[in-house]
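Comments concern the structure below.
The values are calculated or read from the model by the stated rules, or taken from the named source; none is laboratory data. Note that the structure is predicted; figures quoted are calculated from it, not measured. Counting neighbours? That spans all protein chains shown, and the Cβs are built from the backbone with ideal geometry, glycine included. Just so you know, the surface numbers come from the protein's heavy atoms only, side chains and all, with ligands and any DNA or RNA stripped out. Shrake-Rupley method; radii C 1.70, N 1.55, O 1.52, S 1.80 Å.
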Amino acid sequence: MSLPDTTAFHFIIADDHPLFRGALKQTLETQYPDARIEEAGALEDVTAKLEVKGDVDLVLLDLTMPGMRGFSGLMYLRAQYSSVPVVIVSANEDAQAIRRCIEFGASGFIPKSHGIEVIREAIASVMDGNMWTPPEVDLTADDGSADLVQRLSTLTPQQVRVLMMLSEGLLNKQIAYELTVSEATVKAHVSAILQKLGVESRTQAVIAAAKIEAGQWRQIGNATNESQPAV
């Protein structure tokens with residue numbers, strides 16, 4: 001009896017730069033020649049693929065492509081598709097950003113500046129069930145925000161989406177339209193968000209989330225003047 005082909009993995013490469021997607025795809029094809037590899041240029045493309053294909057083994061996710069809002073896209077994917085591992089592949093090499101990604105459920109963090117061999121080693125380690133981050137990054141460092149990170153991690157997928165839209169300056173009726181729900185439902189989500197984050201107003205919720213994002217989210221003051229696809 002032949003053994004099952006353990007290399008027939010299913011990957012999604014999520015990045016808005018076609019050249020980088022192509023390079024990463026080539027790396028994966030060399031490492032896992034029988035793998036099925038799909039590409040996505042925006043977060044909504046990732047979620048669409050995950051909705052119809054439940055056999056994805058790993059998502060390689062950029063932090064700054066369309067639809068992402070700092071770490072909120074990662075938070076949404078981990079809440080909505082908890083069984084699918086996500087590895088961040090990013091040009092951001094800030095140690096705090098790397099720790100945040102791990103705290104929000106990423107299985108690894110690979111800086112784009114690393115060479116092909118390191119990227120292969122990192123992916124192989126994650127596929128073996130391990131976590132991979134740059135060895136020089138201290139994951140145990142504490143900046144005093146662990147409690148708020150834990151609170152944010154308790155948000156449901158829909159609550160994450162609502163918080164993202166709040167940070168964009170959208171009103172309840174606008175959020176209701178985008179999510180095709182009633183204003184009463186949005187109000188209920190906002191109330192739950194405030195309770196979970198331990199704050200008293202929607203403004204305080206957005207400020208708290210922005211602090212945690214460590215510069216990953218856009219500045220709150222500019223959020224109402226910029227347009228970015230919602231999750």
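Among the residues making up region 42-68, those that are out of contact with any Gly (no Cβ under 8 Å at 6 or more places or on another chain), under 23 Å from I98 (Cα atoms) and either open to solvent by 20 Å² or more (accessible area, probe 1.4 Å) or without any contact (Cβ under 8 Å) to a residue 24 or more places away in the chain (or both) are T47, D57, T64. Kindly establish whether E93 is open to solvent by 10 Å² or more (accessible area, probe 1.4 Å), within 20 Å of L43 (Cβ to Cβ) and either touching a Cys at 6+ places or on another chain (Cβ under 6 Å) or not small (G, A, S) (or both). Against the criterion (open to solvent by 10 Å² or more (accessible area, probe 1.4 Å), within 20 Å of L43 (Cβ to Cβ) and either touching a Cys at 6+ places or on another chain (Cβ under 6 Å) or not small (G, A, S) (or both)), E93 does not qualify.
Scanning region 14-23 for residues that are open to solvent by 20 Å² or more (accessible area, probe 1.4 Å) and in a loop (DSSP other than H, G, I, E, B) turns up D16, H17.
Looking at region 125-144, which of the residues that are part of a helix (DSSP H, G or I) and of a type in the set (A, V, I, L, M) is nearest to A209 (Cα to Cα)? If we take residues in region 125-144 being part of a helix (DSSP H, G or I) and of a type in the set (A, V, I, L, M), then V126 is nearest to A209 (Cα to Cα). Can you find a residue that is in contact with a Lys or Arg (Cβ under 6 Å, 6 or more places away or on another chain), more than 22 Å from T30 (Cβ to Cβ) and crowded, with 22+ Cβ neighbours inside 10 Å anywhere in region 69-77? Within region 69-77 (the criterion being in contact with a Lys or Arg (Cβ under 6 Å, 6 or more places away or on another chain), more than 22 Å from T30 (Cβ to Cβ) and crowded, with 22+ Cβ neighbours inside 10 Å), the answer is yes, since at least one residue qualifies. For region 40-79, taking the residues that are more than 16 Å from N92 (Cβ to Cβ) and assigned to a strand (DSSP E or B), the one that is nearest to the chain's Cα centre (by Cα) is identified as V59.
Out of all the residues in region 99-118, which are open to solvent by 20 Å² or more (accessible area, probe 1.4 Å) and either within 19 Å of Y32 (Cα to Cα) or assigned to a loop (DSSP other than H, G, I, E, B) (or both)?
Passing the criteria: G105, S107, K112, S113, H114, G115, I116, E117, V118.
Scanning region 24-39 finds one or more residues that are part of a loop (DSSP other than H, G, I, E, B) and open to solvent by 40 Å² or more (accessible area, probe 1.4 Å).
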